[in-house]
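Taking it in order: structure first as structure tokens, then the write-up.
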Amino acid sequence: MKKLILASTIAMMCLGANAFAEDDGYGNDIPAARQEGSVDDGYGNKLPAADDEPEYKTYEQARGASNGASSNSGAVYGGATTTAASSNPSELTYPSPVLNLGIHFGFGFGFLAGYPTNDLFTEYMGKKEDWDSYSFDIGLAVKYRINELVTFAPEVNIGVGVSLREIGSGYDWKFKEYKVNENRAFINVNIPLVLRVTPIPHLFVEAGGRLNFNFATDHSIDYTDKDGNSLMVYDSEKGEYVKYSEELDEWKVKTFIPSLVAGIGGTFRTNNHDIEIGVRFNYDFVGLEKDDKVEFFDEETGKFLMNDRNEKLVVTNETKWLSLQFYINYFFL
């Protein structure tokens, strides 16, 4: 019995010594490994060698140092998904630029710059302030995002520019008071090519150029009542009432006119589609008139008017078309 108790005591002492052996979990005896400075707590932090202070690492440093593992995380910035680089979680890369397609509609007010002030010219053609001008266009809008800050936004539009003025008034037994108005209009294809910068979310500023290709004009006189409603007369050939108007000499304008464009706008999203609302200022670099030399013919005498030097009176008309346009773009793709 005594032998059994003695044998049990010796076995428990051996097991106790093994149970309390200081091991770092990797099979290294801590006392010996600590002298070498190679004990690791499993997070990249080494226990001190001898009396040295321990070497601590951040979690990211430890994660990056352990077997070169990488981690990718997604975040959203300005509508784009970002990806963290494996060697540096704070380094972000962006996806390829995004292309959007939509429709454009614009309405604006026109202004005339460089309009002649010659008294004879204004007598025949009216003063600049006599003309009211408007612009309309509709077309295709594109957005190509270069990066999170810059976007290329071209458009292709069909545009109409209209200028009109009152040149007289009268009274008729049938129409009562009426007004006589001169109308000038042109139709073009205009192509704005602008770059947009988005300094803060949902707000952009834009600038660039616009190419205008004019291909049709209209020059006419129409008659309206005192409230501006068109007077209607019966056309026996058509068998219906039509506007009381008459065509004048063809108004000739330049075919190609380059413009400067600058504006500001905002973007909001609804039903997963972008909508832009903005305002632009368009400034033509050259005058609109194809023949900018105006001569004056006196129908009573059958002769051209002459100046003091007995030369044909000629006035240069370099009137430029400017417009302040409000627009909305709806992107369906």
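Since every read-out is calculated from the coordinates, none of them should be taken as a lab result. Quantities reported herein were computed from a predicted structural model and do not represent experimental measurements. FYI the Cβ positions are ideal-geometry reconstructions off the backbone, even for glycines, and counts take in every protein chain you see.
Modelled label-to-label distance, Val189 and Glu247, 7 Å Cα→beta-carbon offset: nm?
2.4 nm
Give me the extension gain from Leu313 to Asn272: residue separation times 0.36 nm, minus the current Cα-Cα distance, reported in nm with one decimal.
Extending this stretch completely gives an extra 8.5 nm.
Once the Cα gyration tensor of the range 108-184 is diagonalised, what are the square roots of 5 times its eigenvalues, in whole Å and ordered largest first, as equivalent ellipsoid semi-axes?
Rounded to whole Å, the semi-axes are 41, 18, 8.
Dimensions of the range 99-331 along principal axes (Cα, Å, largest first)?
Computed over the range 99-331, the largest-to-smallest principal extents equal 69, 52, 28 Å.
So, counting K/R as plus one and D/E as minus one, what does the shell of residues with Cβ under 13 Å around Asp298 add up to?
With Lys, Arg at +1 and Asp, Glu at -1, the net is -2.
Give me the distance in nm between label points sitting 7 Å out from Cα along the Cα-to-Cβ direction at Met306 and Leu140, one decimal.
Between Met306 and Leu140, the label points sit 5.8 nm apart.
Rounded to the nearest 0.05, what FRET efficiency do Val162 and Leu333 have when you use their Cβ-Cβ distance and R0 = 45 Å?
Rounded to the nearest 0.05, the efficiency is 0.90.
Taking amide H positions as placed in the peptide plane 1.01 Å from N, state which residues far from Gly114 in sequence (5 or more) or on other chains have amide H under 5 Å from it.
Here the answer is Lys320, since their amide H atoms fall under 5 Å of that of Gly114.
Take each of the peptides 182-188, 256-262, average the number of other beta-carbon atoms within 10 Å over its residues, and list them starting from the highest.
182-188, 256-262
If packing is taken as the average count of other Cβ atoms within 10 Å, what order do 278-289, 167-178, 144-155 fall into, highest mean first?
The densest-packed peptide leads the list: 278-289, 144-155, 167-178.
Find the Cα radius of gyration of the range 267-321, compare it with 2.2 N^0.38 Å by division, and give the number to two decimals.
For the range 267-321, the normalised Cα radius of gyration comes out at 2.32.
Sum up the charges of everything whose Cβ sits under 9 Å from the Cβ of Thr316, counting Lys and Arg as +1 and Asp and Glu as -1, but leave Thr316 out.
-1
Which distance in nm do the two modelled labels at Phe107 and Ile221 give, with both placed 7 Å along the Cα-to-Cβ direction?
3.0 nm
Under 5 Å between amide hydrogens, which residues at least 5 positions from Leu248 or on another chain qualify, with H placed 1.01 Å from N in the peptide plane?
His219, Ser220, Ile221
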